[in-house]
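K.L.:
Before I ask anything, let me first share the structure, which is written out below as C-alpha cells.
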Amino acid sequence: MGGSSGQYQTRLPPSRILGGMDTTIPSGSSKGAQVGRERCPTGIEALDNILEGGIPRGNTVLVAGSVGTGKTTLTLEFLIHGAERGERSLFFSATESTPKLVENMRSFEFFRPELVTSGYLMLVDVPVLYRKLGLTHDEMRADEIDIFLKTVDAFLTESRAQRVVIDSLTSVAYRIQREERVRDFMLRLSEILAAHDCTSLLVSEIGPQPARYSLRGVEEAIVDGLLLLGNARRHGDILRVLQVIKMRGTAHSRAQYVVEMTPIGLLLAPHLKGGISEEG
Ligand SMILES: Nc1ncnc2c1ncn2[C@@H]1O[C@H](COP(=O)(O)OP(=O)(O)OP(=O)(O)O)[C@@H](O)[C@H]1O
Ligand SMILES: [Mg+2]
C-alpha cells in the first residue's frame, strides 16, 4: 500500500511493528470529535452496558487479574473492535510475541488479519523495543525510563492511536525498583496517554489473593478505571469472573459477572451466588 493522499504513512521502523508488515494507516475518524465523556465501546456488549456505553473516551483503565483470567483476551477484543470501527489501535506486548498474539486473535470469529496488515491494529513487541533502545539493565534507571516514555509518546504521535493496550504494565514497572520512580512513571505515562486522547487498557498481573490490584499499589490510584478479572469455584469448576471496581465518570454496577470466552468474544452473565467461592 502506498502513500496516496488521504492515507497516513507511519514513519516508525517497520521492524518495530509486527513482522515488518505494511504500516500504511488509512485515515480514520477525526480524533477531535472524541473528547469529553463520549464513550469508547469495548465491543464486549455486557461490559459496555455496565459502563453506560463503554469506557469514557480518554480514560486509562487498569485490567488486573491473576494468570489465565483473560486479561490479554479482553484487551485484544477491545483493540480488534476499535480497529474494525476505523480507530487506530496499538498493542504493546511485553508478555507474548506478536505472531503468537495474531494466533490468539484467530480464535475470534470476528478477527480479520487485514486489520493488522492495513495498520489499523498495530502490534509492538516490547522486548524487541527494549533491545533497539538499549534498555538492557535489569533495573531501569531514570534516564532509561525517560527514553521508554519518550518512545511511547513518539509511537502515539506517529500512529495517531486512539486505543492503546500495554500488556503488561507489571512487566514494565517490575524493572523500576524505587516506588517514587514508579509513581513518577505512572503519572507521566498517564499524562502522555491523556495528551494523545487515547483510551487505554493497562494490564496488571496480580496474585490469586491480592492485597492490591497492581505491583506497587500506586498504579491503581492513578488510573481512571479498574477492571478486576479473577476465578471463582463452583461445584468443583473454576469460573472466570469480572468486576468493575472503578470507572471515573460512570455510575456502574460493582457486581461480579461470570465470563465465558467464546469464538464470538467474551460473554458476561450475572453470577448466581449459590455454590460460588472466590479464588482470586
Ligand atoms: N476465544 C477464546 N475461546 C475460548 N478460550 C479462550 C479464548 N481465548 C483465550 N482462551 C483461553 O483463555 C485462557 C486465558 O486467556 P488469556 O491469555 O487472555 O489470559 P491472561 O490473563 O492474559 O493470562 P496470563 O496471565 O498468562 O497472561 C487461554 O489460555 C485460553 O485457554
Ligand atoms: Mg496475558
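The numbers here are math on the coordinates, done by the rules we state, and not lab data. These figures come from a predicted structure and were not determined experimentally. All Cβ positions, even for glycine, are placed from backbone atoms using ideal geometry, and neighbour counts span all protein chains on display.
K.L.:
Among 98-105, 247-254, how do they line up from the highest to the lowest mean number of other beta-carbon atoms within 10 Å? Show your work: numbers first, answer last.
P.N.:
Numbers: 98-105: 16.4, 247-254: 14.8.
Averaged packing, sorted descending, gives the order 98-105, 247-254.
K.L.:
Restricting the count to DSSP beta bridges whose residues both fall in segment 36-228, what percent are antiparallel, rounded to a multiple of 5?
P.N.:
10
K.L.:
For segment 36-228, rounded, prolate or oblate, judged on the Cα gyration tensor with a ≥ b ≥ c (square roots of eigenvalues), a/c < 1.5 rounded, else prolate if a/b > b/c? Show your work: numbers first, answer last.
P.N.:
Details: a/c = 1.44, a/b = 1.25, b/c = 1.16.
Note, shape of segment 36-228 comes out rounded.
K.L.:
Could you tell me what percent of the DSSP beta bridges with both partners in segment 139-250 are antiparallel, to the nearest 5?
P.N.:
70
K.L.:
If you don't mind, another one. Report the Cα centroid-to-centroid distance between segment 168-187 and segment 212-238 in angstrom, as an integer.
P.N.:
A separation of 18 Å, based on Cα centres.
K.L.:
Next question, about the same structure. Work out from phi, with θ = phi - 60° and the Karplus expression 6.51 cos²θ - 1.76 cosθ + 1.60, the ³J(HN,Hα) of each residue of segment 181-193, listed in order in whole Hz, and give x for Gly and Pro.
P.N.:
Values, residue by residue: 6, 5, 4, 4, 4, 5, 4, 5, 4, 4, 4, 5, 4 Hz.
K.L.:
In whole Hz, what ³J(HN,Hα) sequence does segment 90-106 give by Karplus (6.51, -1.76, 1.60; θ = phi - 60°), x for Gly and Pro?
P.N.:
Values per residue, Gly and Pro as x: 10, 10, 8, 10, 9, 10, 10, 5, 5, x, 5, 5, 4, 4, 4, 5, 5 Hz.
K.L.:
Taking the beta-carbon count within 10 Å as an exposure proxy, list 218, 165, 67, 259 from fewest neighbours to most. Write down the numbers at each step before the final one.
P.N.:
Details: 218 18, 165 30, 67 10, 259 24.
In increasing order of surrounding Cβ atoms, one gets 67, 218, 259, 165.
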